[in-house]
Amino acid sequence: MHISEGVLSAPVLLTGAALTAAGVAVGLKKMDYEKIPQVAVLTSAFFVVSLIRVPVGPSAVHLVLNGLLGLVLGWAAFPAILVGVALQGLLFQFGGLTTLGVNTFTMAMPAILCYYLFGRGIAHKHSGVATALAFACGFFAILLSSLLVALCLIFTGESFLQAAKVLVLAHLPVMVLEGVVVAFCLAFLMKVKPELLGATHAAG
Amino acid sequence: MLLDRKPRRSWGATLTVLALGIIVALPMVSQVWAHKVNVFAWVEGDTVFVEGYFPGGKKSQDSLVEVFNPAGTKLLEGRTNEKGEFSFKIPERTDLKIVLTASMGHKNDFIVPARDFVEVGSSPSSPPQSFAVSAKDSSAHPTDLSQLEGMIDRALDRKLAPVIKLIRDTRKEGPTITEIVGGIGYIFGLFGLVMYLKSRNKKRRQESGDRSLEG
């Protein structure tokens with residue numbers, strides 16, 4: 001999910017950086033004082049989870065957890081993912097400095113969409129429905145990220161359909177796995193800290 | 001008291017999950033795979049071998065390999081095989097920049113300096129001056145010399161093969177525990193700083209609120 005340095009052209013990089021800057025500004029504004037420790041914990045999770053490779057498929061893919069970040073943090077997922085991606089770039093050499101904006105956006109935008117699409121649904125009384133929605137959230141976040149990356153790669157000469165096919169196929173196992181992870185995390189959070197999920201959406 | 005206890009317990013649970021997650025993730029570090037493509041190239045005789053792989057050793061198959069000279073002219077291109085390897089004859093005795101483009105926006109490059117193959121390449125056509133002179137003096141055949149050089153090259157390639165393999169394997173290692181734990185430390189430190197700044201703003205706002213009430 002991390003695009004390397006030197007692949008994208010300047011207009012794509014600048015657009016990514018501008019969109020990310022806007023998203024981070026909104027995220028920082030909406031981030032309450034009490035919510036900061038929670039953002040830190042989930043940023044750490046995002047940072048570390050990228051090291052867990054999913055050994056299925058033709059290429060190197062890893063867990064992302066952007067669906068979970070979006071669901072729990074709302075707009076604060078933007079600064080969280082920015083910090084995570086920056087440190088992954090510095091310490092693990094994933095992506096790069098110039099692609100920081102694009103890479104943050106391709107992972108954070110689906111997180112925000114998930115927040116609006118599934119944020120209310122996961123508090124559903126029927127636990128089966130809530131679990132299904134949580135799974136869909138994890139799945140959809142990765143699918144959308146893959147499509148966004150494919151969209152960025154169009155401008156490099158790769159055709160959208162071709163790039164999208166490769167990316168979506170490679171990430172199919174990740175989508176399923178993330179769906180399961182998000183479903184488990186939410187079931188757990190619902191049990192021990194239900195106010196966390198409800199409160200997030202009310203505040204946003 | 002009761003009100004106080006509940007949130008503390010749930011924070012404890014959250015932290016437990018995080019700690020468990022880190023404990024689960026750490027043993028995987030030795031076999032970590034990441035999201036970055038690496039290129040490594042070495043010279044054997046008159047051939048340059050290129051290898052593309054992801055950290056942890058997964059081969060970068062069917063990836064585009066392009067070779068450029070320092071002026072930026074593309075000399076040749078090809079694709080890696082199922083072992084992630086590609087080889088080509090030295091096209092030009094200059095520094096060669098090898099660019100590997102894998103799918104999904106992964107790209108990296110590796111520079112083979114000219115000094116890596118200058119001597120190997122020049123030996124059959126023009127032996128070094130001093131050798132030519134001494135060859136004349138001792139009335140030995142230049143062909144013998146180039147044969148000798150070829151033998152030395154082959155022997156060196158054979159002797160150096162394990163070293164090259166060691167270098168290749170070393171480069172495949174992923175992030176270390178230091179980097180991972182360090183990264184988590186940075187995150188907590190950063191958000192701690194944000195909290196501190198926000199708390200100062202909060203205090204200032206409260207103080208100014210108090211003052212306006214007094215006044």
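The values are calculated or read from the model by the stated rules, or taken from the named source; none is laboratory data. Predicted model only: the values in this text are computed from it and were never measured. Every residue, glycine among them, receives a Cβ derived from its backbone with ideal geometry; neighbour counts consider all protein chains shown. These area figures cover heavy atoms from the full protein model, side chains too; ligands, DNA and RNA do not enter into them. Shrake-Rupley method; radii C 1.70, N 1.55, O 1.52, S 1.80 Å.
Looking only at residues of region B:148-180 that are surrounded by 13 or more Cβ atoms within 10 Å (Cβ to Cβ) and farther than 24 Å from residue B:50 by Cα, we find that the one that is nearest to the other protein chains (Cβ to nearest Cβ) is B:179. Taken together, the residues in region B:76-108 that are within 14 Å of another protein chain (Cβ to nearest Cβ) and hydrophobic (A, V, I, L, M, F, W, C) amount to 5.
Based on what the data block shows, is residue A:43 facing chain B (nearest Cβ under 7 Å), touching a residue at least 40 places away in the same chain (Cβ under 8 Å), open to solvent by less than 10 Å² (accessible area, probe 1.4 Å) and of a type outside the set (D, E, K, R)?
Values: facing chain B (nearest Cβ under 7 Å): yes; touching a residue at least 40 places away in the same chain (Cβ under 8 Å): yes; open to solvent by less than 10 Å² (accessible area, probe 1.4 Å): yes; of a type outside the set (D, E, K, R): yes.
Considered against the rule, which asks whether it is facing chain B (nearest Cβ under 7 Å), touching a residue at least 40 places away in the same chain (Cβ under 8 Å), open to solvent by less than 10 Å² (accessible area, probe 1.4 Å) and of a type outside the set (D, E, K, R), residue A:43 comes out as yes.
Among the residues of region A:127-160, those identified as open to solvent by less than 20 Å² (accessible area, probe 1.4 Å) and hydroxyl-bearing (Ser, Thr, Tyr) are A:145, A:146. Among the residues of region A:37-74, those identified as modelled with pLDDT of 80 or more and not aliphatic (A, V, I, L, M) are A:37, A:38, A:43, A:44, A:46, A:47, A:50, A:62, A:66, A:67, A:70, A:74.
Whenever a residue of region A:1-16 is within 28 Å of residue A:52 (Cβ to Cβ) and within 7 Å of chain B (Cβ to nearest Cβ), its partners that are open to solvent by 30 Å² or more (accessible area, probe 1.4 Å) and outside any loop (DSSP other than H, G, I, E, B), lying with C-beta atoms within less than 7 angstrom and at least six residues away or across chains, give the pairs A:4/B:107; A:4/B:108; A:6/B:107; A:7/B:107.
Would you say residue A:91 is within 8 Å of another protein chain (Cβ to nearest Cβ), farther than 18 Å from residue A:174 by Cβ and more than 15 Å from the chain's Cα centre (by Cα)? Taking the combined requirement at face value, the residue satisfies it.
Suppose the filter is open to solvent by 10 Å² or more (accessible area, probe 1.4 Å), under 10 Å from the mean Cα position of the chain (by Cα), within 12 Å of chain B (Cβ to nearest Cβ) and closer than 19 Å to residue B:190 by Cβ; does residue A:65 pass it? Yes; evaluated as a whole, the condition is true for this residue.
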